[in-house]
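For reference, the structure discussed in these notes is given below.
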Amino acid sequence: MASAAFYTLGCKVNQYETEAIIELFKKDNYEIASFEDYADVYVINTCTVTNLGDRKSRQMIRKAKKMNPEAIVAVVGCYVQTAPDEVKAIEGVNIIIGTDKRSRIIQLIHQYKEEKRIIDATDNIMGVKEFEELSINELEGRTRAYLKIQEGCNQYCSYCIIPYARGPIRSRMPENIINEVKNLVNNGFKEIVLTGIHVASYGKDLGNIDLLKILQMVHTIDGLERIRLSSIEPSIITREFVEVIKGLPKICPHFHLSLQSGSDTILKKMNRKYDTKKYKDAVNLLKEKIEGIALTTDIIVGFPGEGEEEFKESFDFVKEIGFSQIHVFKYSPRKGTPAARIKEQVDSKFKEERSHRMIQLGEQLQKKFLTQQIGKTLEVLFENPMENSLNVYGGHSKNYLKVAATSQDDIENKILKVEITELDGDILKGNIKSSQ
């Protein structure tokens, strides 16, 4: 039996796509191997959000060929889409596929075996108008499943390469989303995370549905306990949206609300479609209507033109909002984006210093939010025993906080109420009270 191994870089969308590709290989009777082991085929799903992603992708390509010089190496994803000639020139690459036609990977492997030449399946992603169906029916040993509902982005933030790598927005047909959710629920999953490149754009190309409607449809599926959203933007947070969400108890009170900067000057340079007032209005709506809500976000420091004044505005705004967690990124110029051509690039020493300060703030905010949970009772979906302790299980609350509790019974994939008694690092600990 032939074997195949996989390596994924980048976001949750990439991880979903790799899982779907693995299913294609299983259907073709491949044995799935570890990427650290000998295999007949290696698939590297690449990322190009940062220069580091490009470099790591190249490293994994070379590593695969060292594991088995005779292996077929297929490289797919965003790095391929933005730099196909560069990837094709890497010694040992046999097949390249961008961010479309991944569903044809088995056919392309057969084609390579017959023709013994590099197969280039990339195309002009800007001309692709339909969502490529890649579905997952089976996932082992997990309690939470990611489900891709949308592809592409029309936002064109000045720093971001993704619209050029993923192309225009394409939405998955509602019936295919519903069918996959039902399959995952039938396989024991209790929580679904709806993900995509720009989830808030879902349905704009279909005309008769939007994100709110698909959430309502998914909410009706029996056996599904939780629905979570990946990153969204403040523009979608209207009073109607929040009122509907409030009436859908399966929707988790955790939103990753993209910010990037708390300075209006920098937001404008970034070509973001909101200012701090609009962002704060969205936050206030969510906090007003949804009990126990946790808000997380991404922050970029050192964007071109960011001086100490703009950084301070961003720092103070993040502090004012009071996020439960922030992810901090130092700006990295991406060739081909408008921001890379701005002359006012920030020196790396200032990026490093600002990143350190913002990370420290994030840690303070996270600790404050976690401390506020002590004494509360949270519903926790337990996932697995904690490392080095068979009787201590870890899981996540509805607002996506890590919780640990002791149980003599096997509580994996069960939702239980836990009274929070203490904070240990970034993990809340407590006592199990009862099931739902």
field: Residues whose placed amide H lies under 5 Å from that of residue 413, excluding near-sequence neighbours
entry: 382, 383
- prompt: How big is the gap, in Å, between the Cα center of region 370-431 and the Cα center of region 164-224?
  reply: 28
- request: When a/c is below 1.5 the answer is rounded, else prolate if a/b is larger than b/c, else oblate, so apply that to region 1-127 with a ≥ b ≥ c taken from the square roots of the Cα gyration tensor eigenvalues.
  value: rounded
message: Just to be sure I understand: of the beta bridges DSSP finds with both ends in the chain, what percent are antiparallel, rounded to 5?
response: 35
query: Can you give me the relative contact order of region 71-172 as a percent, contacts being Cα pairs under 8 Å and 6 or more apart?
result: 26
- request: Quick one: which residues, 5 or more positions from residue 31 or on another chain, have an amide H under 5 Å from its amide H? H modelled 1.01 Å from N in the peptide plane, none for Pro or chain starts.
  value: 2, 3, 4
Cα-based Rg of the chain normalised by 2.2 N^0.38 Å, two decimals: 1.01
- line: The simple spin-label model distance between residue 156 and residue 431, using points 7 Å out along Cα→Cβ, in nm, is 6.0
- prompt: Among 107, 373, 345, whose mean-square fluctuation peaks in a Gaussian network model of the chain (Cα, cutoff 10 Å)?
  reply: 107
task: Answer with one residue from 44, 74, 57: the one whose Cα lies farthest towards the positive end of the charge dipole of region 4-79, charges on Cβ with Lys, Arg +1 and Asp, Glu -1.
output: 57
statement: Scoring the chain by relative contact order with C-alpha pairs under 8 Å, at least six apart, yields a percentage of 9
- request: For region 218-301, run through the GluC sites (Glu not before Pro) and keep only the ones in DSSP coil with at most 12 other Cβ atoms within 10 Å of their Cβ.
  value: 291
query: Based on DSSP, what percent of beta bridges with both residues in region 1-72 are antiparallel, to the nearest 5?
result: 0
message: Under the rule of at least 5 residues apart or a separate chain, name every residue whose amide H is placed under 5 Å from the amide H of residue 254.
response: 294
message: In whole percent, and with a 1.4 Å probe on the protein chains, what portion of the accessible area of the chain is carbon and sulfur?
response: 47
task: Select from 42, 400, 274 the residue whose mean-square fluctuation is largest in a Gaussian network model of the chain (Cα-Cα springs shorter than 10 Å).
output: 274
message: Run the lone-cysteine check on the chain: no other Cys C-beta under 4.7 Å from the residue's C-beta.
response: 11, 47, 78, 153, 252
field: Loop trypsin sites (Lys or Arg not before Pro), region 129-185, which have at most 12 other Cβ atoms in a 10 Å radius of their Cβ (DSSP)
entry: 129
message: Using the Karplus curve 6.51 cos²θ - 1.76 cosθ + 1.60 with θ = phi - 60°, what ³J(HN,Hα) values do you get for each residue of region 120-133, in whole Hz, with x for Gly and Pro?
response: 10, 9, 7, 8, 6, 5, 5, x, 7, 10, 10, 5, 7, 6
Electrostatic dipole magnitude of the chain [Cβ: Lys, Arg +1; Asp, Glu -1; Cα centre; debye, to 20]: 760
- request: Once you've got the GNM for the chain with C-alpha springs shorter than 10 Å, pick whichever of 278, 349, 63 has the biggest mean-square fluctuation.
  value: 349
Inter-site label distance for residue 400 and residue 130 at 7 Å from Cα along Cβ, in nm: 3.3
- prompt: Which ³J(HN,Hα) values in Hz, rounded to whole numbers, follow from the phi angles of region 175-186 under the Karplus curve 6.51 cos²θ - 1.76 cosθ + 1.60, where θ = phi - 60° and Gly and Pro get x?
  reply: 5, 6, 4, 4, 4, 5, 4, 4, 4, 5, 5, 5
query: Where the centre of each part is set by its Cα atoms, how far does region 123-149 sit from region 317-338, in angstrom?
result: 26
query: Computed over the Cα atoms of region 184-279, what is the ratio Rg over Rh, Rh following Kirkwood?
result: 1.02
query: Using the heavy atoms of the protein chains alone and a 1.4 angstrom probe, what is the accessible area of the chain per residue in square angstrom?
result: 45
- prompt: If you place +1 on the Cβ of every Lys and Arg and -1 on the Cβ of every Asp and Glu, how big does the dipole about the Cα centre of region 311-363 come out, in debye to the nearest 20?
  reply: 360
- prompt: For region 80-219, what class follows from the C-alpha gyration tensor (a ≥ b ≥ c being the square roots of its eigenvalues): rounded when a/c is under 1.5, otherwise prolate if a/b is larger than b/c, else oblate?
  reply: oblate
message: Shape verdict for region 56-128, please, from the Cα gyration tensor: rounded (a/c under 1.5), prolate (a/b greater than b/c) or oblate.
response: oblate
- prompt: What FRET efficiency, computed as 1/(1 + (r/R0)^6) with R0 = 41 Å and r the Cβ-Cβ distance, is obtained for residue 114 and residue 327, rounded to the nearest 0.05?
  reply: 0.35
query: What ³J(HN,Hα) values, in whole Hz, does the Karplus curve 6.51 cos²θ - 1.76 cosθ + 1.60 give for region 270-286 when θ = phi - 60°, with x put for Gly and Pro?
result: 6, 6, 6, 9, 7, 10, 5, 5, 5, 5, 5, 4, 5, 4, 4, 4, 5
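The values are calculated or read from the model by the stated rules, or taken from the named source; none is laboratory data. Keep in mind that what you see is a predicted model, and the values were worked out from it rather than measured. Please note: Cβ atoms are built from the backbone with ideal geometry, for glycine as well, and neighbour counts cover all protein chains shown. Side chains are part of the model used for accessible areas, which takes the heavy atoms of the whole protein and leaves out ligands, DNA and RNA. Shrake-Rupley method; radii C 1.70, N 1.55, O 1.52, S 1.80 Å.
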